[in-house]
Amino acid sequence: MVESSGSPGTFAALRVRNYRLYATGMAISNNGTWMQRIALDWLVYSLTGSSFAVGVTTALQFGPMLFLGLFGGLIADRYPQRRLLLFTQSAFGLLATVLAVLAFTHTATVGVIYLVAFGLGLVTVVDNPARQTFVGVMVPARLMRNAVSLNSGNFQLARLTGPALAGVVVATAGPAWAFAVNAVTFAATLTALTLMRSAEFEQLPREPRGRGQLRAGLRYVAARPALLWPIVLLFFIGGFGFNFAIVLTAYAGEVFDGGPGLYGWLNSTLAAGSVVGALLAARRPTVSARFLFGSAAAFGGTLVLAGLAPTLWLLIPALAACGLAGVGFNTSANSSVQLATDPTLRGRVMSLYFLVLMGSIPIGSLIVGGITERWGPSVALVISGAICVVAAGSCARLAGRETHASDA
């Protein structure tokens with residue numbers, strides 16, 4: 001889990017033309033995606049007045065990863081990632097258009113929104129492993145950690161600006177315009193993918209068709225503590241730490257009565273810390289197991305602090321700290337798992353990574369949504385943070401024990 005190379009510089013991967021095109025397209029598209037997420041959460045909340053319904057919407061967007069995630073990874077190992085991304089990004093744009101039409105025509109119902117959310121989840125099954133493994137195609141291995149961190153910074157920067165834009169748009173013009181803007185932004189990603197030079201891609205081996213390939217990926221992870229325990233920890237961090245949509249809608253709509261504008265700003269505050277965390281991660285040439293598990297424990301601690309914050313002005317810096325610690329763990333785990341994996345298995349391993357991360361979110365969203373509805377968002381944050389701290393300590397101890405046993 002530790003590399004010995006020197007620091008590549010914060011923005012080293014942007015010197016690669018194909019990656020630069022990709023990052024530019026995603027910077028535009030990510031803003032639209034975050035606008036849609038905020039608008040969709042708020043639309044569901046405004047239709048139902050229920051944090052639990054927001055949790056169900058989140059669960060439907062990530063639930064398909066529980067059942068189909070490994071198949072998405074196998075597809076990413078077999079077929080060119082750029083071709084897959086051209087398909088998935090087009091599908092996302094089409095679904096955003098459907099949401100816009102429903103909202104503009106005032107025909108959106110919770111049932112129809114649930115169907116669209118499920119469609120987004122099905123596309124994500126292929127999109128996530130394809131996007132993650134595409135990094136290794138665009139940049140050489142020595143720049144992979146840097147590129148993963150910049151991807152996270154790109155995503156989190158959009159998380160900073162997208163929710164703020166969504167708050168203004170939803171409050172002044174309604175959620176339909178946020179969905180419409182998101183649909184248009186996918187043209188940037190599709191253009192970037194089209195303009196890439198395939199001759200400059202890294203040549204990675206492809207997995208031929210064969211029997212038992214999904215089981216082979218699972219056995220590969222199970223036999224390696226450096227892969228197994230970070231992925232196990234993801235279940236707890238994803239399920240209980242990354243369900244901010246549920247608690248922040250309750251803070252904005254019930255605790256502080258600030259409406260969609262405050263909801264957008266709370267998400268932007270969280271993202272501000274995440275951007276700082278991603279840029280710091282991009283400068284790290286190495287990531288130790290101690291840092292990986294320690295950042296997860298720190299993230300849990302900041303969740304507890306946020307839950308204990310008695311006022312909005314204390315909640316805001318606590319959320320920024322949550323973002324910084326959370327992205328520190330996320331980028332470290334992502335890049336470490338990719339670099340420790342054989343390229344022929346990377347799609348399946350990363351699909352398992354996201355199966356656990358995104359598959360845990362619907363499970364956690366139902367639990368966190370229920371706690372939020374019954375006892376409020378503060379209690380939900382404290383309980384979620386405590387679970388993350390305990391999980392980080394337990395996984396660190398088990399990883400260390402198995403590593404020592406295998407070295408003996």
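The values are calculated or read from the model by the stated rules, or taken from the named source; none is laboratory data. In this text, all values refer to a predicted model and were calculated from it rather than measured experimentally. Cβ atoms come from the backbone with ideal geometry, glycine included; neighbour counts cover every protein chain shown.
Tabulated data for the structure shown
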{"quantity": "Odd one out for Glu254, checked against (1) surrounded by 19 or more Cβ atoms within 10 Å (Cβ to Cβ); (2) at pLDDT 80 or above", "calculated": "(1)"}
{"quantity": "Sole residue being among the hydroxyl-bearing types (Ser, Thr, Tyr) and crowded, with 17+ Cβ neighbours inside 10 Å, chosen from Thr311, Thr302", "calculated": "Thr302"}
{"quantity": "Count - residues of region 71-83 that are over 19 Å from the mean Cα position of the chain (by Cα) and closer than 17 Å to Thr189 by Cβ", "calculated": "3"}
{"quantity": "Search result, residues across region 74-88 that are in contact (Cβ under 8 Å) with a residue 60 or more places away in the chain, of a type outside the set (A, V, I, L, M) and surrounded by 24 or more Cβ atoms within 10 Å (Cβ to Cβ)", "calculated": "Asp77"}
{"quantity": "First in region 1-18 and surrounded by 13 or more Cβ atoms within 10 Å (Cβ to Cβ) and assigned to a loop (DSSP other than H, G, I, E, B), second anywhere and modelled with pLDDT of 55 or more and of a type in the set (S, T, N, Q), Cβ under 7 Å, 6 or more apart", "calculated": "Met1/Ser288; Met1/Ser336; Glu3/Thr286; Pro8/Asn146"}
{"quantity": "Residues of region 322-344 satisfying the condition of being surrounded by 20 or more Cβ atoms within 10 Å (Cβ to Cβ) and aliphatic (A, V, I, L, M)", "calculated": "Leu324, Ala325, Val327, Ala333, Val337"}
{"quantity": "Matching residues in region 42-68 - criterion: being farther than 15 Å from Gly369 by Cβ, of a type in the set (A, V, I, L, M, F, W, C) and surrounded by fewer than 22 Cβ atoms within 10 Å (Cβ to Cβ)", "calculated": "Leu47, Leu66, Phe67, Leu68"}
{"quantity": "Elements of type helices (runs of 4 or more DSSP H) contained in region 242-323, each with 3 or more residues being of a type in the set (Gly, Ala, Ser)", "calculated": "259-282, 289-308"}
{"quantity": "Pick from region 135-146, criterion surrounded by fewer than 24 Cβ atoms within 10 Å (Cβ to Cβ) and among the hydrophobic types (A, V, I, L, M, F, W, C), ranking: farthest from Ala333 (Cα to Cα)", "calculated": "Val137"}
{"quantity": "Condition met for Phe71 (assigned to a helix (DSSP H, G or I) and surrounded by fewer than 19 Cβ atoms within 10 Å (Cβ to Cβ))", "calculated": "yes"}
{"quantity": "Residues satisfying the stated conditions in region 270-286, i.e. more than 21 Å from Ala245 (Cβ to Cβ) and either surrounded by fewer than 23 Cβ atoms within 10 Å (Cβ to Cβ) or modelled with pLDDT of 85 or more (or both)", "calculated": "Val276, Leu279, Leu280, Arg283, Arg284, Pro285, Thr286"}
{"quantity": "Filtered residues of region 385-402 (kept if of a type outside the set (Asp, Glu) and under 13 Å from Pro225 (Cα atoms))", "calculated": "Cys395, Ala396, Arg397, Leu398, Ala399, Gly400, Arg401"}
{"quantity": "Lone qualifier among Ile371, Ile361 - being assigned to a helix (DSSP H, G or I), free of Cβ contacts under 8 Å to residues at least 24 places away in the same chain, among the aliphatic types (A, V, I, L, M) and farther than 20 Å from Phe293 by Cβ", "calculated": "Ile371"}
{"quantity": "Sole exception among (1) over 18 Å from Ala386 (Cα atoms); (2) in contact with a Phe, Trp or Tyr (Cβ under 8 Å, 6 or more places away or on another chain); (3) touching a residue at least 24 places away in the same chain (Cβ under 8 Å); (4) small (Gly, Ala, Ser) for Ala252, by number", "calculated": "(3)"}
{"quantity": "Options Val112, Val181, Val170: the member that is within 29 Å of Asn334 (Cβ to Cβ), β-branched (Val, Ile, Thr) and part of a helix (DSSP H, G or I)", "calculated": "Val181"}
{"quantity": "Test: residue in region 48-71 that is within 14 Å of Arg131 (Cα to Cα), touching a helix residue (DSSP H, G or I) at 6+ places or on another chain (Cβ under 8 Å) and in contact (Cβ under 8 Å) with a residue 60 or more places away in the chain", "calculated": "yes"}
{"quantity": "Failed condition for Ala166, given (1) in contact with a Phe, Trp or Tyr (Cβ under 6 Å, 6 or more places away or on another chain); (2) crowded, with 24+ Cβ neighbours inside 10 Å", "calculated": "(1)"}
{"quantity": "So Leu214, is it surrounded by fewer than 19 Cβ atoms within 10 Å (Cβ to Cβ), modelled with pLDDT under 90, touching a helix residue (DSSP H, G or I) at 6+ places or on another chain (Cβ under 9 Å) and not in a loop (DSSP other than H, G, I, E, B)", "calculated": "yes"}
{"quantity": "Condition check for Gly241: modelled with pLDDT of 80 or more, surrounded by 16 or more Cβ atoms within 10 Å (Cβ to Cβ) and either in contact with a Pro (Cβ under 7 Å, 6 or more places away or on another chain) or not acidic (Asp, Glu) (or both)", "calculated": "yes"}
{"quantity": "Conditions (1) buried (at least 23 other Cβ atoms within 10 Å of the Cβ); (2) among the polar types (S, T, N, Q); (3) closer than 24 Å to Tyr263 by Cβ: number failed by Ser149", "calculated": "(3)"}
